[in-house]
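J.: Here's a structure for you.
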Amino acid sequence: MEGREVWITGAGMITPLGAGVDANWAGVRAGRRGVERQPQQAGAPFPDNFLYFGTVDGCDGPPEVPPKLASQRKFLNRSSILGLHAAREAIESAGVDISALPPERKSLYIGSGDFTRLEYLDFYSSIAEVAGPGWAPPDAEALNELALHQVNPFYLLEGLANNLFSYLSASYEIMGTNGSLSSLSSCGAQALEACDRALRWGKADFGLVVGCGCWISALIRFELDGLGILSRALDGAESFRPFDRRRDGFFPAEGAAALVIESADAARARGARPIGRILGTGNFQEVTSGAHLSVPLTAAAKACRSAVAEGGVAPGEVSFILPHGSGTKKGDRMEMRALKAFLNGDAAAGTAAGAERVPIAPWKPYTGHMGSASDIGEMILGLRAIEAGALPPAPGFERAEKEFQVLDIPGEEREIRGNTFLSLSHGLGGQSSATLLSAP
């Protein structure tokens, strides 16, 4: 992490637990879950487990935007709308006048994962009319002619991966180093690393990082269930319980989280104070053949070691770990093995006490799995936990399998000692990301 010192000066968050960092932290401290059983859709008798997911209430449109962009609001997809709200809160909480900064010295990195356009609901009425009451195979020529008059020709704009990136860069005149990553869970953390390094290397003085995701459309829930990673909901919303021996998958959600980072010199000059710092990062890809639906053991352990080595912290000195914790049988098993290897390898070297000394708290059940928004959101909650000196427990956790009972997974709130924590995120296909952060 050579180069200039960089501070985290602002944070924003909107999830099924509520709008704003304060609301989310209060929800976590109260032990609330944002995932609920949703009403059955008319004409679509989904299995019961399909009805459990997390939605954000009262946020149907974007916040106020410059008049020149007003006409483009209709092109924003769902996760981009949420991302705009999170970005607005992060900038306001940082107390920075972003309009006064030179456009070329402002940096923007986005991690996105929006699947709301997969269903192509725009075509439903046209298909239904051409197919008739018996749902016969529609005539292609007739369907094409009807859709030309019934379907908004701009619907494809909502499906662009850089939807939020384009809108935010125009809204705040961010014309410096930038990037838009569209993948699965770990691209939020990867966007944060890229922006942090851009500031350290002097390419920008101000950085905005946003992770947003929408995993609640019916089609994506069918996909998740087909992959065998959606919970069966045998115990309702309580069924999402990462690392517990009874786990059987997760529940999806929508949400967004954002961080403002600045060079320490620029932040000091305007009288700002840091809410946190990024001490080290690790990103590794495990080469796999075919679909990789589990946590890559070797890449995950290497990512953890890389992050703490870069931050100059021994594994056993970390105050706590926020794992990916998707709640799947195989994924959690491999992640716990990676954490044992990471922590016990340090113990074998005689530099720390090992796996039984570092609390590991999987927090995704509080909000639901928000894809690219989850890792940044959990980092924000981790910073709040250090500020409060209290580590919220792992929701629904009672007991791990015998192999992992050496791990310290708190089932109730715990006092925090120290000021560093490790956040982990893994994506389907062999990606693993680890970020070491500290708070004042």
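The values are calculated or read from the model by the stated rules, or taken from the named source; none is laboratory data. All values reported here derive from a predicted model rather than from experimental measurement. Cβ atoms come from the backbone with ideal geometry, glycine included; neighbour counts cover every protein chain shown.
J.: Whether any residue in region 247-270 is farther than 24 Å from LEU339 by Cα, part of a loop (DSSP other than H, G, I, E, B) and either in contact with a strand residue (DSSP E or B) (Cβ under 7 Å, 6 or more places away or on another chain) or in contact (Cβ under 8 Å) with a residue 40 or more places away in the chain (or both) is what I want to check.
T.: yes
J.: If you check every pair at least six apart or on different chains, which have Cβ atoms under 6 Å apart with a residue in region 189-211 that is more than 25 Å from ASP114 (Cβ to Cβ) first and a residue that is among the small types (Gly, Ala, Ser) and buried (at least 24 other Cβ atoms within 10 Å of the Cβ) second?
T.: Pairs that qualify, where the first residue is more than 25 Å from ASP114 (Cβ to Cβ) and the partner is among the small types (Gly, Ala, Ser) and buried (at least 24 other Cβ atoms within 10 Å of the Cβ), are LEU199/GLY207; ALA204/SER107.
J.: I'm trying to understand the selection: among the residues of region 174-216, which are among the charged types (D, E, K, R) and over 17 Å from GLY282 (Cα atoms)?
T.: LYS203, ASP205
J.: Considering PHE50, PHE46, which residue is surrounded by 14 or more Cβ atoms within 10 Å (Cβ to Cβ) and either of a type in the set (Asp, Glu) or more than 22 Å from the chain's Cα centre (by Cα) (or both)?
T.: Only one candidate qualifies: PHE46.
J.: Separate question: Out of (1) surrounded by fewer than 16 Cβ atoms within 10 Å (Cβ to Cβ); (2) in a helix (DSSP H, G or I); (3) in contact (Cβ under 8 Å) with a residue 60 or more places away in the chain, the odd one out for GLY228 is which?
T.: Tallying (1) surrounded by fewer than 16 Cβ atoms within 10 Å (Cβ to Cβ); (2) in a helix (DSSP H, G or I); (3) in contact (Cβ under 8 Å) with a residue 60 or more places away in the chain, GLY228 fails exactly one: (2).
J.: Would you confirm whether or not region 163-176 contains a residue that is loosely packed, with under 15 Cβ neighbours inside 10 Å, at pLDDT below 90, closer than 23 Å to PRO63 by Cβ and in contact with a helix residue (DSSP H, G or I) (Cβ under 8 Å, 6 or more places away or on another chain)?
T.: Checking region 163-176: not a single residue is loosely packed, with under 15 Cβ neighbours inside 10 Å, at pLDDT below 90, closer than 23 Å to PRO63 by Cβ and in contact with a helix residue (DSSP H, G or I) (Cβ under 8 Å, 6 or more places away or on another chain).
J.: Same structure again: Please verify whether region 237-260 includes one or more residues that are of a type in the set (Phe, Trp, Tyr), on the phi > 0 side of the Ramachandran plot and touching a Leu at 6+ places or on another chain (Cβ under 8 Å).
T.: For region 237-260, residues of a type in the set (Phe, Trp, Tyr), on the phi > 0 side of the Ramachandran plot and touching a Leu at 6+ places or on another chain (Cβ under 8 Å): present.
J.: For GLU64, indicate whether it is touching a residue at least 60 places away in the same chain (Cβ under 8 Å) and either touching a strand residue (DSSP E or B) at 6+ places or on another chain (Cβ under 9 Å) or not basic (Lys, Arg) (or both).
T.: In short, no.
J.: Which of the residues that make up region 190-219 are in contact with a helix residue (DSSP H, G or I) (Cβ under 6 Å, 6 or more places away or on another chain), outside any strand (DSSP E or B), at pLDDT below 95 and buried (at least 21 other Cβ atoms within 10 Å of the Cβ)?
T.: Of everything in region 190-219, just one residue is in contact with a helix residue (DSSP H, G or I) (Cβ under 6 Å, 6 or more places away or on another chain), outside any strand (DSSP E or B), at pLDDT below 95 and buried (at least 21 other Cβ atoms within 10 Å of the Cβ), namely TRP215.
J.: Of all residues in region 231-248, how many are buried (at least 20 other Cβ atoms within 10 Å of the Cβ) and in contact with a helix residue (DSSP H, G or I) (Cβ under 7 Å, 6 or more places away or on another chain)? Break it down into steps so the answer makes sense when it comes.
T.: Start the filter on region 231-248 by keeping residues that are buried (at least 20 other Cβ atoms within 10 Å of the Cβ), which leaves 231, 233, 237, 239-244, 247-248.
Now restrict to residues that are in contact with a helix residue (DSSP H, G or I) (Cβ under 7 Å, 6 or more places away or on another chain): 231, 233, 240-243, 247-248.
Count: 8.
J.: If you go through region 15-46, how many residues are part of a loop (DSSP other than H, G, I, E, B), touching a residue at least 40 places away in the same chain (Cβ under 8 Å) and not charged (D, E, K, R)?
T.: 7
J.: Residues of region 380-416 being touching a helix residue (DSSP H, G or I) at 6+ places or on another chain (Cβ under 7 Å) and outside any loop (DSSP other than H, G, I, E, B), which ones?
T.: ILE380, LEU381, ARG384, LEU391, PHE404, ASP408
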